[in-house]
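The values are calculated or read from the model by the stated rules, or taken from the named source; none is laboratory data. Since the model is a prediction, treat every value here as computed from it, not as a measurement. Backbone-built Cβ (ideal geometry, glycine too); neighbour counts: all protein chains shown. These area figures cover heavy atoms from the full protein model, side chains too; ligands, DNA and RNA do not enter into them. Shrake-Rupley method; radii C 1.70, N 1.55, O 1.52, S 1.80 Å.
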Amino acid sequence: MRYLHVLGLSALVAGVASVYALHVLRASELAASASDTFQCSSAQLQGYYPKSEEVVSHQQFSIPTIQYGFGTSPEPLFTLLGGSSYGFMVTLRVDESGKVVCYAARSDLGTLHPLNGKRREVIEKLMTSTFTPFEKGGQPTAALVQESIDEERLPLRHIDLPAAPQSSVHIGLNRAGCFGRCPGYSVELYGDGRVIYTGLSYVDVRGKHTYQVSLDAVAKLIEEMRTGDLWSLGGFYDGDRSGDMPMFTLMLDVGGERHLITDRHGSRVGMPAVVSAFMESVDLLTRSQMWVQLSNETLEQLKTEHFDFHSWASGEILSRAVENPNGRDEQAMRDLIALGAPLDSRPAREGYPFGQSESMESTLEVAMKNRRASLVEPLIAAGALRGEANIDQNKLDAAFQAAIVGGNVGLVQKVWDLGGDKSRPSLSYDKKSWDFESRTEVHRRAPVALLLEHHKYDPHAWDGLPIIQFLVAKGCDITGTGADRQDLLHLARDAGDSELLTYLKSQGVY
């Protein structure tokens, strides 16, 4: 029986391989049927690739969208996970005059995209398009432009939006999170202009907040629902359920009749662009962004709600805003500090089950790690380092260590000077590591220099060498190792910092 099972599995694998080969062959045949005259050679695909924003500013035409009737779809690339794949990428070579001279329709993995009749028509149209000439070093240059072509599934039939008064309309948008930092929240909009926002995860402001928007704005949104023919669209746009994709649910209730549209793989499975556009319109009208990322608008709205800015919840908002890598309005963060937000609020860490694990870092430490230099003075003035009488040594040490992790030499120097000669931060810390042989946690005093960490692909600025030089000047032993036996040479190699490596070797670190 087991032998037969193995044979059956082998046959299945062989069958999958055969189908895969057939689809690859079919894809190659379809691609070859396009005009070979305009396909780029390997040599033509070498050169200058401008950034997306530069491409948009030079583009003198709109990218067409391909539409398929209900029940039809593009020739799918075969995948082991199955399912059709809508949309494809085209690389265009643009010469010095801005004219498109050739194309390559390949995926990121180098696989040929199958070109059906509709796709060939789009490519032929792109071949007659022009760009404003690209420049490099002040001189016109050829460029390689990558364009994304969207493909949509049309609905089975048109269904009229129910005839009902505006007062009976209820629109809901739920954006579920992902395994990363995708904001999780919901907004509910009613025909009378009432909005209910509920913040769930990875948003600066959690909980429920109710406010009003204008009736005229709601009427315009309802008209957008009508002109976009949302009532006719399919309810579930999902693919193979693989990967970590957030799920968005749009609920449309008109006069008690309800229609749901769920977007998980949206454009990948042919969801019309009007769905995403309508969701963005809902976000814009309900001003949901003011809750996702702290801003002056957030503070003004909270004031109208008579929010207690001295409350624990206010401190949690501040902590989350400081930690939010997408947060840009540091003036709003400073204003929240000035309004009296507590500095010792430690919200539950995002991503932990049931929010049970609390952050052990203070708001000042989070600001240091995220290089928010403009927040340091206000936080210290508000008492972030204060103990019963003077500066708390433990808080000073923690802030110093966080500044080193953040990799900003200016902040490292600032914290060092805060306590004056009487209270300097410690140059060592308790480094913890798991010993797999003994199956125990090992503690060892290590130089604070080992707190530096940076990956060579990290785009953020990093002052590794200046920080090490500063610490050496203050007496830090940079030859030590942590409980995990890692030293600064490992750190410098991970960072791809040749200057730091050279300096360490000059200081006897081998």
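Quick notes
- The numbered conditions (1) surrounded by fewer than 16 Cβ atoms within 10 Å (Cβ to Cβ); (2) in contact with a Cys (Cβ under 7 Å, 6 or more places away or on another chain); (3) not polar (S, T, N, Q) are all true for ASP494 except (2).
- Taken residue by residue, the stretch 173-194 has at least one member that is open to solvent by less than 30 Å² (accessible area, probe 1.4 Å) and over 20 Å from PHE248 (Cβ atoms).
- Among residues of the stretch 126-163 being touching a residue at least 12 places away in the same chain (Cβ under 8 Å) and among the small types (Gly, Ala, Ser), the one that is farthest from LEU233 (Cα to Cα) is ALA142.
- Considering LYS422, LYS431, LYS414, the condition of being farther than 29 Å from LEU339 by Cα and surrounded by fewer than 20 Cβ atoms within 10 Å (Cβ to Cβ) is satisfied by LYS422 alone.
- Every pair of residues 6+ apart whose Cβ atoms lie under 6 Å, when the first sits in the stretch 454-482 and is free of Cβ contacts under 8 Å to residues at least 12 places away in the same chain and of a type outside the set (A, V, I, L, M) while the second is open to solvent by less than 30 Å² (accessible area, probe 1.4 Å) and part of a helix (DSSP H, G or I): none
Each row is one residue, and each column tells you yes or no for (1) at pLDDT below 85; (2) touching a strand residue (DSSP E or B) at 6+ places or on another chain (Cβ under 9 Å).
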site	(1), (2)
SER428	no, yes
ILE467	no, no
ILE478	no, yes
ALA483	yes, yes
LEU491	no, no
LEU504	no, no
TYR510	yes, no
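- Residue count for the stretch 257-293, restricted to those that are more than 20 Å from the chain's Cα centre (by Cα), of a type in the set (A, V, I, L, M, F, W, C) and within 23 Å of PRO162 (Cα to Cα): 9
- Residue, surrounded by the most Cβ atoms within 10 Å (Cβ to Cβ), within the stretch 335-384, restricted to residues that are among the acidic types (Asp, Glu) and modelled with pLDDT of 70 or more: GLU365
- All positions within the stretch 273-291 that are open to solvent by 10 Å² or more (accessible area, probe 1.4 Å) and assigned to a loop (DSSP other than H, G, I, E, B): ARG287
- Residue in the stretch 108-122 that is at negative phi, modelled with pLDDT of 90 or more and open to solvent by less than 50 Å² (accessible area, probe 1.4 Å) present: yes
- Search result, residues across the stretch 308-323 that are open to solvent by 50 Å² or more (accessible area, probe 1.4 Å) and either under 14 Å from TYR211 (Cα atoms) or part of a helix (DSSP H, G or I) (or both): TRP312, GLU323
- Meets criteria (touching a Phe, Trp or Tyr at 6+ places or on another chain (Cβ under 8 Å) and part of a loop (DSSP other than H, G, I, E, B)) for GLY340: yes
- When GLU437, GLU441 are screened for being outside any strand (DSSP E or B) and over 30 Å from the mean Cα position of the chain (by Cα), only GLU437 passes.
- Meets criteria (polar (S, T, N, Q) and either touching a residue at least 24 places away in the same chain (Cβ under 8 Å) or over 30 Å from SER214 (Cα atoms) (or both)) for GLN289: no
- Among the residues of the stretch 190-219, those that are farther than 20 Å from GLY256 by Cβ, of a type in the set (Gly, Ala, Ser), touching a residue at least 24 places away in the same chain (Cβ under 8 Å) and outside any helix (DSSP H, G or I) comprise GLY199, SER201, GLY207.
- Flag if SER167 is assigned to a helix (DSSP H, G or I), in contact (Cβ under 8 Å) with a residue 12 or more places away in the chain and surrounded by fewer than 16 Cβ atoms within 10 Å (Cβ to Cβ): yes
- Only residues that are modelled with pLDDT of 85 or more and either within 28 Å of the chain's Cα centre (by Cα) or at negative phi (or both) were counted in the stretch 33-87, giving 30.
- Residue match in the stretch 235-243 (condition: within 26 Å of PRO325 (Cα to Cα) and free of Cβ contacts under 8 Å to residues at least 12 places away in the same chain): yes
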